1. Might you let me know whether region 180-188 holds any residue that is under 28 Å from residue 257 (Cβ atoms) and part of a helix (DSSP H, G or I)?
2. Of the residues that sit in region 73-98 and are within 11 Å of the ligand (Cβ to nearest atom) and among the β-branched types (Val, Ile, Thr), which one is surrounded by the most Cβ atoms within 10 Å (Cβ to Cβ)?
3. So, residue 164, is that one in contact with a Lys or Arg (Cβ under 8 Å, 6 or more places away or on another chain) and either loosely packed, with under 15 Cβ neighbours inside 10 Å or at pLDDT 95 or above (or both) or not?
4. Any idea which of (1) within 15 Å of the ligand (Cβ to nearest atom); (2) loosely packed, with under 14 Cβ neighbours inside 10 Å is the one residue 236 doesn't satisfy?
5. If the Cβ limit is 7 Å and pairs must be 6+ apart or interchain, which residue in region 215-231 that is modelled with pLDDT of 95 or more pairs with which residue that is of a type in the set (Ser, Thr, Tyr) and open to solvent by 50 Å² or more (accessible area, probe 1.4 Å)?
6. Checking residue 137 against (1) among the small types (Gly, Ala, Ser); (2) open to solvent by less than 40 Å² (accessible area, probe 1.4 Å); (3) in a loop (DSSP other than H, G, I, E, B), which test does it fail?
7. Can you name every residue in region 1-49 that is under 19 Å from residue 107 (Cα atoms), open to solvent by 40 Å² or more (accessible area, probe 1.4 Å) and not basic (Lys, Arg)?
8. Scan region 254-276 for residues that are away from the ligand (no atom under 15 Å from the Cβ) and open to solvent by 70 Å² or more (accessible area, probe 1.4 Å) and jot them down.
Amino acid sequence: MIEKIGIVGSGQMGSGIAHVCALAGYEVKLTDISSDALTKAIATIGKNMDRQVAKDKIAAVEKDTALGRISTGTELAMLGDCDLVVEAATENETIKRDIFKSLCPVLKADAIVASNTSSISITRLGASTDRPERFIGMHFMNPVPMMELVEIIRGIATDEPTFIAVRDVTVKLGKTAAVSEDFPAFIVNRILLPMINEAVYTLYEGVGNVSSIDTAMRLGAGHPMGPLFLADFIGLDTCLAVMQVLYEGLADSKYRPCPLLVKYVEAGWLGRKTGKGFYDYSKTPPVPTR
Ligand code: NAD
C-alpha cells in the first residue's frame, strides 16, 4: 500500500509530480541538491494551485491541505520511510546512477523506485540498483498537472506487484496509463521527437520558415501548437538528448539530429527556459528567430 511518496529532483517535472501527488492525498517528500530549486518548486506549486482554485478545479482549502502534505529537504535520508520514490533529476545517466547509489541504502527494503526519465533504458538504470525487480519507469508529461498521460515502462526484471502498485498510483492521481516496452524513448517521444526533428530539417532546408511550419501543422494537421513552438516548450537541449538516444540506441540514420538543432543548442538558445529558441520570448507575442 503506497502512502508516502518521495521525489528526487524538484525542477519542472519534480514539482509537477509533487503537486499532483499531494492533491491526490499522498504524503510527499520533495528533495533536490539545490535548496533554491526547492524554494522555487514550492512557489510554483502554490501559484499553479492558485490557478486551479481560480478556475474552480479545486477548493482553496484543498490547496492548503495539499501544500501541508509536502515537506522538502536536500538530504536523501529523509526518504527512508517512503513507499515509492520517483526520481525526476536532470536527464543524465551518470547523475541518475549516482542518485540511486546514495538513495537505495536509505530506503525500506520493499520500497519501489521509479524513474521519470524521457529516454534512458529502465533495464540499465534498474540494474544499477539493489532492487531491479522493484524498479520501473513512470514517465509523466509536461506540464504534469495538466497532462493526463503517464507512460509506465517495465524493465526486464520489473516484477508484477511493482507494476500493479505503480499503475494503481497513476489511477489515483487521476491520470491514464499507457504501457510501453523498454526501448529508446518509449512511445510518446519515439514518435513526437522525430516529428520535431523533421520540422527542424524542414526549416534547415528552407522548405518553410518558423511561422509557416508551425501554422501548417496547427491548421493543417490540427495540432494544438506547432512543432517548433513545442520544441521550445520542451527545451531544445532535451530534444537533442532524446534524438541522440534514439540515434545511438536504434543505430538507424533516420534518427540523426538535425544540424540546425545542434547549432541552436550550441548557441545556448534552448527555448523558453533561456528566453530564446525558435522564437524570441523577450517580445510579446514571441517573434520567430528564422
Ligand atoms: P529540470 O532541469 O527542470 O530539473 C532537474 C532538477 O534535478 C533540478 O532542480 C536539479 O537541481 C535537480 N538535480 C540535479 N542533480 C541532482 C541530484 N544529484 N540530486 C537531486 N536533484 C538533482 O529538468 P526537468 O525538465 O524537470 O526533467 C527532469 C527529468 O524528467 C528528466 O529525466 C527529464 O528527461 C524528464 N522529463 C522531462 C520532461 C520535460 O518536458 N521537461 C517531460 C517528461 C520527463
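The values are calculated or read from the model by the stated rules, or taken from the named source; none is laboratory data. What you see is a predicted model, and the numbers here were worked out from it, not measured in a lab. Please note: Cβ atoms are built from the backbone with ideal geometry, for glycine as well, and neighbour counts cover all protein chains shown. The area values use the complete protein model at the heavy-atom level, side chains included, leaving out ligands, DNA and RNA. Shrake-Rupley method; radii C 1.70, N 1.55, O 1.52, S 1.80 Å.
1. yes
2. Ranking the qualifying residues of region 73-98, first place goes to 86.
3. Working: in contact with a Lys or Arg (Cβ under 8 Å, 6 or more places away or on another chain): no; either loosely packed, with under 15 Cβ neighbours inside 10 Å or at pLDDT 95 or above (or both): yes.
Here the answer is no, as residue 164 does not meet what is asked.
4. (2)
5. That search, which allows pairs on different chains as well, returns 226/215.
6. (3)
7. Selection gives 1, 3, 27, 33.
8. 254, 256, 263, 266, 269
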